[in-house]
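The values are calculated or read from the model by the stated rules, or taken from the named source; none is laboratory data. Just so you know, these numbers come straight off a predicted model, no measurement behind them. Reconstructed Cβ throughout: ideal geometry from the backbone, glycine too, with neighbour counts over all protein chains shown. Note: accessible area is taken over every heavy atom of the protein model, side chains too, but ligands, DNA and RNA are not part of it. Shrake-Rupley method; radii C 1.70, N 1.55, O 1.52, S 1.80 Å.
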Amino acid sequence: MTTIYYTATSLDGFIADENNSLDWLFQFGELEPNTFDDFLAGVGAIAMGSTTYQWIYDHDFSAEADKPQIWPYKVPAWVFTSRLLPTIENADVRFVSGDVKPFHREMAIAAGDKNVWIVGGGDLAGQFYDAGLLDEIVVQIASVTLGGGAPLFPLRVDPPLKLLSAKTYGHNFVELHYQVPGK
């Protein structure tokens, strides 16, 4: 079992814009080929920040959603939050708060021989890193700048990450796969 922060970022290092929106990413359409489907098949549990969950809810599940969706994940998701959030019908979502360590144990048990995915955001990934629980980072860098927003990783990483691979996808993305030091 590996704990992986898998995400996309702008060239200037933001995963969401100043309004916590991911709309900037969707201008590229479906990226083909990509590693996401294979990655998702290897995921057994999800850790998600409350802002990411709220954005997904607002855009895909709320009464105001343009095209209401079904929850896309078939594995349990732990949403780290300090506030009350709306629930999604037929979704295995567990709202939690506090230190990531005890919940990581639960996620590892649920994941079994699969991986734990930190889906968002950078602050949550930083908490896993600080706790010594983050093993890898996979980031797809898009050929746009946002000028501000939610940072990819809002803390200093030292010693440097170990680059495992770099791949280009189309004309707009490069994917970097890193191992976290000491892992």
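For a label point 7 Å from the Cα of Thr51 along Cα→C-beta, name the residues of segment 124-151 whose backbone N is under 15 Å from it.
124-127, 146-151
Measuring from label point to label point, each 7 Å out along Cα→Cβ, what is the Leu84 to Ser62 span in nm?
1.7
I'm spelling it out carefully: the read-out is Cα Rg over 2.2 N^0.38 Å, the candidates are (i) 0.99; (ii) 1.21; (iii) 1.39, and one was derived from this structure. Which label?
Checked against the structure: label (i).
Of the heavy-atom accessible surface of the chain (probe 1.4 angstrom), what whole percent is carbon and sulfur?
The nonpolar share, carbon plus sulfur, comes to 51 percent.
By the gyration tensor of its Cα atoms, with a ≥ b ≥ c the square roots of the eigenvalues, what is the shape of segment 1-96: rounded for a/c under 1.5, prolate for a/b over b/c, or oblate?
Because its axes are fairly even, with a/c under 1.5, segment 1-96 counts as rounded.
Nearest 5 percent is fine: what portion of the DSSP beta bridges confined to the chain is antiparallel?
Percentage antiparallel, nearest 5: 40.
Roughly speaking, what is the stretch gain from Ile70 to Phe36, that is 0.36 nm per residue apart minus the C-alpha to C-alpha distance, in nm to one decimal?
That pair, Ile70 and Phe36, stretches by 10.4 nm at full extension.
Could you rank the peptides 99-105, 135-141, 3-9, 89-95 by their average count of other C-beta atoms within 10 Å per residue, with the highest value first?
The peptides rank, most packed first, as 3-9, 135-141, 99-105, 89-95.
Find how much the distance from Gln179 to Arg105 grows on full extension, using 0.36 nm per residue of separation minus their present alpha carbon separation; answer in nm with one decimal.
Gain on extension, Gln179 to Arg105, equals 24.6 nm.
Could you pull out every one of the lysines with an alpha carbon less than 29 Å from that of Lys101, ignoring same-chain neighbours closer than 8 positions?
List returned: Lys74, Lys114, Lys162, Lys183.
FRET efficiency for Ser165 and Asp123, Cβ-Cβ distance as r, R0 = 22 Å, nearest 0.05?
Rounded to the nearest 0.05, the efficiency is 0.30.
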